[in-house]
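The values are calculated or read from the model by the stated rules, or taken from the named source; none is laboratory data. In this text the structure is predicted, and so the values were computed from the model without any measurement. Cβ placement follows ideal geometry from the backbone for every residue including glycine, while neighbour counts extend to all protein chains displayed. Just so you know, the surface numbers come from the protein's heavy atoms only, side chains and all, with ligands and any DNA or RNA stripped out. Shrake-Rupley method; radii C 1.70, N 1.55, O 1.52, S 1.80 Å.
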Amino acid sequence: MDKTKKVKLSREEKRKLLRKNIHRDKYLMIMFFPVLLYYLIFSYLPMTGLVMAFQNFIPGKGLIGIYSGEWVGLKWFSQFFQSVFAWKLIRNTFLLSFYSLLFGFPIPILFAICITQLRNKVIQRGAQVITYLPYFISTVVVVGMMTNFLSPSTGIINQIIVKLGGKPVNFMSDPSWFRRLYVISGSWQTFGFNSIIFVAAIMGISPDLYEAMKMDGASKRQQIWHLVLPMIKPTILLLLIMSLGNILSVGFEKVYLMYNTAVYETGDVISTYVYRQGIENKNYSYATAVGLFNSIVGFSLVCTSNWFSRKFSGSSLW
């Protein structure tokens with residue numbers, strides 16, 4: 001069996017090849033340069049500030065002060081895990097993300113399957129447009145709608161409860177309702193937009209496969225179970241892996257807009273705690289350490305879930 005021989009280029013030939021490739025792709029590189037610059041400035045350069053998590057950073061010394069603080073090692077990490085807030089913050093963050101994943105992840109898949117099974121294209125496109133629209137509503141507007149609809153005095157939900165003989169419920173100030181409202185509103189806002197990927201994956205299935213199953217006498221349920229789901233399984237696994245990486249990264253904006261002192265017991269999460277410590281209390285090193293812990297856990301979950309997915313299903317991110 002012949003093996004392809006690798007041609008070893010000299011240094012000068014490599015330079016010529018590099019110049020040739022640059023000249024060939026110069027317009028693509030010009031288009032890519034702003035993107036590269038954006039990520040360098042706003043994503044990679046700020047990562048150097050993580051050194052504050054291991055220092056006693058004192059503001060007021062400018063940019064140099066970030067790298068010249070007193071080295072304290074793991075002091076801030078130890079302080080966080082010994083505090084009374086640590087377990088509550090980790091629990092609240094995990095539960096909010098877990099419930100959002102548990103109820104929010106399957107809904108776009110089910111919706112995509114249902115929408116692709118519709119024969120009437122007008123109804124299909126209309127349903128897609130209607131479900132996509134909430135995604136483009138600002139988080140501030142969504143929380144404002146929730147506040148108005150759930151108001152104890154003027155909210156339409158409480159008016160219905162009163163007419164049915166019940167008592168008004170202050171949903172926004174009840175800790176037991178915080179997670180439910182967060183998950184339900186999040187699922188409603190994102191399920192239509194998140195279904196786009198699954199719809200595209202289902203539409204990519206060859207019609208010949210459907211015809212073959214129909215000829216074999218397969219029902220709609222059997223087609224979905226034995227054809228559609230196996231064909232989109234790689235897409236499901238990849239998105240699930242990416243979602244697991246964010247399981248401790250609850251959206252700060254929505255939680256901050258929804259919560260108040262009455263719901264701290266179930267609504268206070270790591271991101272809001274980092275905000276209070278870093279922005280309000282000016283404890284930058286401590287806030288950086290807590291944020292770094294959150295990122296490390298997320299990165300570890302991505303690597304672990306990717307390994308399990310590659311080992312047991314053959315599909316993975318890398």
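With the requirement that a residue be within 27 Å of residue 251 (Cα to Cα), assigned to a helix (DSSP H, G or I) and of a type outside the set (A, V, I, L, M), what does the range 109-145 give you? Within the range 109-145, 111, 128, 131, 132, 134, 135, 136, 139, 144 meet the criteria. Residue count for the range 146-163 satisfying the condition of being assigned to a helix (DSSP H, G or I) and either of a type in the set (Gly, Ala, Ser) or buried (at least 17 other Cβ atoms within 10 Å of the Cβ) (or both): 2.
Inside the range 265-300, can you point out the residues that are among the charged types (D, E, K, R) and either in a helix (DSSP H, G or I) or touching an Asp or Glu at 6+ places or on another chain (Cβ under 7 Å) (or both)?
Our first condition is that a residue be among the charged types (D, E, K, R); within the range 265-300, this holds for 265, 268, 276, 280, 282.
Listed by number, the residues that qualify are 265, 276, 280.
Checking each residue in the range 293-311 for being closer than 21 Å to residue 46 by Cα and open to solvent by less than 10 Å² (accessible area, probe 1.4 Å) picks out only 298. Being in contact (Cβ under 8 Å) with a residue 40 or more places away in the chain and open to solvent by 80 Å² or more (accessible area, probe 1.4 Å) holds for only one residue in 103, 81, and it is 103.
Open to solvent by less than 50 Å² (accessible area, probe 1.4 Å), among the acidic types (Asp, Glu) and over 24 Å from residue 306 (Cβ atoms) - does that describe any residue in the range 166-176? So far as the range 166-176 goes, yes, one or more of its residues are open to solvent by less than 50 Å² (accessible area, probe 1.4 Å), among the acidic types (Asp, Glu) and over 24 Å from residue 306 (Cβ atoms). Residues that are within 21 Å of residue 271 (Cα to Cα) and open to solvent by 40 Å² or more (accessible area, probe 1.4 Å) within the range 106-140 comprise 138, 140, listed in sequence order. Highlighted here are the helices (runs of 4 or more DSSP H) found entirely within the range 1-108 that include at least 3 residues which are in contact with a Ser or Thr (Cβ under 7 Å, 6 or more places away or on another chain) and either among the polar types (S, T, N, Q) or at pLDDT 85 or above (or both): 86-104. Restricting attention to the range 197-228, the residues that are open to solvent by 50 Å² or more (accessible area, probe 1.4 Å) and closer than 23 Å to residue 132 by Cα add up to 4. Give the number of residues within the range 274-292 that are open to solvent by less than 10 Å² (accessible area, probe 1.4 Å), of a type in the set (Ser, Thr, Tyr) and within 25 Å of the chain's Cα centre (by Cα). Count: 1.
Looking for something at pLDDT 85 or above, of a type in the set (Gly, Ala, Ser), in a helix (DSSP H, G or I) and open to solvent by 10 Å² or more (accessible area, probe 1.4 Å) - is there at least one such residue anywhere in the range 242-258? No, the range 242-258 has no match at all. Within the range 180-196, which residues are touching a Phe, Trp or Tyr at 6+ places or on another chain (Cβ under 9 Å) and open to solvent by 50 Å² or more (accessible area, probe 1.4 Å)? The answer is 180, 184, 193, 194, 196.
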